[in-house]
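Quick one: the structure is below, questions incoming.
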């Protein structure tokens, strides 16, 4: 989609957002290779990374970058401009607006913090650029990385030793697909997320970054729980500091959601008043299950039943969000973590359990989710049982093809 946008004739720029370490920079470089293969003049392709630590504020402006044209630049040909972490540049939105209005270049920019794009570019970007989100690998994509040339994902899954366990532990960060060291992956994810994505990316917002980091760690340890701002504010009190107020907590939470590290799931409601009330008690999930294992207090998080349940729920939620952009909510009437998936072809009630012991659970789900007026009910579980109707499905099969099960086989 991104490459087609670069090759197309639409003047609008492309803005790619997503958390750190999901492959935004790699995607930019792949786009460059594809443009070169398509015959694009090398001198007309400009790539620049604004997150490079060697840069100084004197030279790091988009305008200064574009003023540099190599001798091989072809004036009769359009220019492809690919800028990484553009949100670090003051006034980038106004500059991009002017460039889109003035020139017919093809432009692709990335950023790790969506709030920078929204706050600085909401008005400027109207009609001038399209925003796309890039997240971690799905289970099928994870298997594709592990597969032999020409090998289908299902066949790779059968050949590999415990691929689901590895995916649940490592998550969808492409950098760690082939790393088998649990301790090393956990350490690297902690550094990339806590020290870089939070401490560096949020410094320019003027918030108490250390408290935001503390809040993030709490949310990872409690992924999938209903957010209670009052109790969380008490937990964030540091020696000599005041207790954060409600407005600060809401702002910090918004920043974590905008940096694509936390996913908000609101309470299901059919009436407008209920929807407003449901937003007051959202469930908050790690955007990738690998964040839960990385910040867990135990070195073997999948051996802990509570953590395993959190990891499983986060992985299923990621799969449902990728195939059902219409929205995912949660249901309060049930004891387990349950989702209501709103799709263009109907409403699906989904219950997730990491256990393989169903004990009549499918019938209970069908009865309880009648209140949600769902057209289908689905139980995703950690066992091997699957029924012919596709309403009972093992997690590994669901993660391979979530759309097939959600639309009803």
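Give me the one-decimal nm value for the distance between modelled label points at residue 47 and residue 231, 7 Å along each residue's Cα-to-Cβ direction.
Calculated label separation equals 4.7 nm.
Taking square-rooted eigenvalues a ≥ b ≥ c of the alpha carbon gyration tensor, is region 25-87 rounded, prolate or oblate, where a/c under 1.5 means rounded and, failing that, a/b exceeding b/c means prolate?
Working: a/c = 2.75, a/b = 1.40, b/c = 1.96.
Since a/c reaches 1.5 but b/c is at least a/b, the shape of region 25-87 is classed as oblate.
A follow-up question, please. Please work out how much length the chain gains when fully extended from residue 61 to residue 103, using 0.36 nm per residue of separation minus the C-alpha to C-alpha distance, in nm with one decimal.
Details: separation 42, 0.36 × 42 = 15.12 nm, distance 1.76 nm.
Value of the extension gain: 13.4 nm.
Another question about this same structure. Using 7 Å Cα-to-Cβ label points, what is the residue 196/residue 389 separation (nm, one decimal)?
Each label point lies 7 Å from its Cα, and together they span 4.8 nm.
If you average the C-alpha positions of region 183-234 and of region 131-151 separately, how far apart do those two centres end up, in angstrom?
Taking the Cα centre of each part, region 183-234 and region 131-151 sit 26 Å apart.
Only the coordinates and a few stated rules stand behind these numbers; no lab work does. These numbers come from a predicted model, not from an experiment. We place every Cβ from the backbone using ideal geometry, glycine too, and count neighbours over all the protein chains shown.
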